[in-house]
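Below is one structure; the comments refer to it alone.
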Amino acid sequence: MKKADLFATTLNHLSGFRLNNYELHDYKDYMKVPLDYNRMEENTLDTMWDTIAKNKSPLKKYFERKAQLLGVDQLGWLDVHASVDVGDYKNKKYTYDEAAEFIIDNFKSFSPKMAEMSRRAFEEQWIEAEDRPGKRPGGYCSNLPESKQSRIFMTFAGSTGNVSTLAHELGHAFHSYVMRDLPLLNQRYAMNVAETASTFAELVVSNATIENATSDAEKINLIDEKISRSVAFMMNIHARYIFERNLYDERQKGTLDSNRLKELMKDAQEEAYEDALKSYHPMFWATKLHFHITGVPFYNFPYTFGYFFSLGIYNRFLEDKNVSEDDYIALLRDTASMTTEDLAEKHLNVDLRKPDFWQEALDSVYKDIEEFLELTESYV
Ligand SMILES: [Zn+2]
C-alpha cells in the first residue's frame, strides 16, 4: 500500500507512452497493436468474451458449493483457488520417474510422436526439475533452434499439479519440435497460440489424473483444481481485460491516481465475477506483474484465448475419431504463419468470429461443474 503511488505512476507512464505512440502512428484504436501482435481480429476477441460472459451462471453454482465445502458463507477473493479437501483426502505424490512414465503413457493415446519426443526429453535430460531450497517456483520452456531441442526449467515436488506443469512444458517443447525444420521466422508464433500445445498436453495429463483417481475425495480435489483453472480464464483474466480497457479509456483524458485505479479494479472484478464474491482485490493492478510488462500491451486476453482454443481442439480429438495426430501437428506448424482466424478455418473448419466454437469449449466446463456438484453432494 505504501508503494501504491509509485505503481500508479508506472502504470500511467506505460499507458500514456503507448497512447502517444499510437497517436503518432495514426492508430485510431489502442486495441490495434495487441490484436495485430496476436494476429487476430477484434470480432473474434469480442465474440470470445461475449460468449464467456453469457456462460457464467454455472460458475456461480460452483462457487456456492465450494463455499459450503470450505465452511464459509460466501467465497472471498482468496478462497476461489483454495484446495478442496473432503473426507480423508490426502495429496497424492508422484516420484519423478512415475510422473515421466504417466505422462508418456497418456501422451501415447493422443499422439505417439509427442510421447516419443517426451521420452527423449527425459532420457537426454532436457529437464531441470530438481527440488532444492531457494529455487524459483513455476515452469519455463526454452527452444534451442540450432540443436533443435528444448530445455525445461521447473521444480518437481511430486504433486499432481507438478505432473500437469511438467506435461505443460513438454507441450511447449513439442510445439517447437514439430516446427524445427521450418524457416526461423515461420517458427515465431504469437502469444495467443503459444499456449495451444502446452494447454493441450496439460489437459491430456490432468484429465488422466482425474480418471485415475482412486477415491471420490481425490476426484473432487482434482476436478476442483481443473474448474478453478477455468474460473481464472473466464473471470480473473476477464477482470484484467475490463480493467485495462477502462484504464486506456480514461488515460486518454488524463492521469489516474491510485484511488481511481483501485476503484476501476474493484469495478472490473465485480463485473467479471458477477458480484459472486464476498471480497475483491482492488490493489491487483499493483501486485500483478502482467500489467507492468513493457514489451506487450494487454498481456491478458491471449491466455483466455489460448486455453479455450486448446480446449476446443482437445474436444475435437475426443469426439472425432478421424482426427489424427498429424492433423494436430499440421495445425501447430501453421501457428506462426497464419492469422488466428485462418488457422482455425483451415484446420478446424470453424469461424472464430461466431460463438459456436467458443460455446462448445465452454460446454465442457459445464460438464466438469456438473460432475463436481454430483460428487460433492454427500459432503455438504
Ligand atoms: Zn505455458
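The values are calculated or read from the model by the stated rules, or taken from the named source; none is laboratory data. Quick caveat: nothing in here was measured; it's all calculated off a predicted structure. All Cβ positions, glycine included, derive from the backbone under ideal geometry; neighbour counts span all protein chains shown. Just so you know, the surface numbers come from the protein's heavy atoms only, side chains and all, with ligands and any DNA or RNA stripped out. Shrake-Rupley method; radii C 1.70, N 1.55, O 1.52, S 1.80 Å.
Within the range 185-203, restricting attention to residues that are part of a loop (DSSP other than H, G, I, E, B) and either open to solvent by 30 Å² or more (accessible area, probe 1.4 Å) or in contact with an Asp or Glu (Cβ under 7 Å, 6 or more places away or on another chain) (or both), the residue that is farthest from the ligand (Cβ to nearest atom) is 188.
Against the list (1) outside any helix (DSSP H, G or I); (2) in contact with a Pro (Cβ under 9 Å, 6 or more places away or on another chain); (3) not charged (D, E, K, R), the condition residue 176 fails is (1).
When you go through 182, 166 one by one, which is the residue that is aliphatic (A, V, I, L, M), part of a loop (DSSP other than H, G, I, E, B) and either touching a Ser or Thr at 6+ places or on another chain (Cβ under 7 Å) or in contact (Cβ under 8 Å) with a residue 60 or more places away in the chain (or both)?
Every option except 182 fails the conditions.
Any residue that is under 14 Å from the mean Cα position of the chain (by Cα), surrounded by fewer than 18 Cβ atoms within 10 Å (Cβ to Cβ) and under 29 Å from residue 1 (Cβ atoms) - is there at least one of those in the range 229-249? For the range 229-249, residues under 14 Å from the mean Cα position of the chain (by Cα), surrounded by fewer than 18 Cβ atoms within 10 Å (Cβ to Cβ) and under 29 Å from residue 1 (Cβ atoms): present. Counting only helices (runs of 4 or more DSSP H) that sit wholly inside the range 259-363, not one has at least 1 residues that are not assigned by TED's automatic domain parsing to the domain that holds residue 30. Filtering 31, 48 for residues that are open to solvent by less than 60 Å² (accessible area, probe 1.4 Å) and either of a type in the set (D, E, K, R) or within 18 Å of the chain's Cα centre (by Cα) (or both) leaves a single hit, 48. For the range 51-81, taking the residues that are part of a loop (DSSP other than H, G, I, E, B) and within 18 Å of the chain's Cα centre (by Cα), the one that is farthest from residue 246 (Cα to Cα) is identified as 81. All of (1) of a type in the set (Phe, Trp, Tyr); (2) modelled with pLDDT of 95 or more; (3) open to solvent by 20 Å² or more (accessible area, probe 1.4 Å) hold for residue 107 with one exception: (3).
The residues of the range 177-221 that are basic (Lys, Arg) and over 26 Å from residue 300 (Cα atoms), listed by number, are 180, 219. Once the range 143-158 is narrowed to residues that are open to solvent by less than 40 Å² (accessible area, probe 1.4 Å) and not aromatic (Phe, Trp, Tyr), the residue that is farthest from residue 205 (Cα to Cα) is 149. Among the residues of the range 163-184, those that are open to solvent by 30 Å² or more (accessible area, probe 1.4 Å) and away from the ligand (no atom under 14 Å from the Cβ) comprise 177, 180, 181, 182, 183, 184. Among the residues of this structure, residue 221 counts as one that is under 23 Å from residue 89 (Cα atoms), away from the ligand (no atom under 12 Å from the Cβ) and either touching an Asp or Glu at 6+ places or on another chain (Cβ under 8 Å) or of a type in the set (Ser, Thr, Tyr) (or both). Does at least one position in the range 31-46 carry a residue that is within 18 Å of residue 235 (Cβ to Cβ) and not basic (Lys, Arg)? Yes, the range 31-46 contains at least one residue that is within 18 Å of residue 235 (Cβ to Cβ) and not basic (Lys, Arg). Every condition in (1) under 18 Å from the mean Cα position of the chain (by Cα); (2) more than 16 Å from the ligand (Cβ to nearest atom) is met by residue 147 except one, and the failing one is (1). Might you let me know whether the range 92-108 holds any residue that is without any contact (Cβ under 8 Å) to a residue 24 or more places away in the chain and not in a helix (DSSP H, G or I)? No, the range 92-108 contains no residue that is without any contact (Cβ under 8 Å) to a residue 24 or more places away in the chain and not in a helix (DSSP H, G or I).
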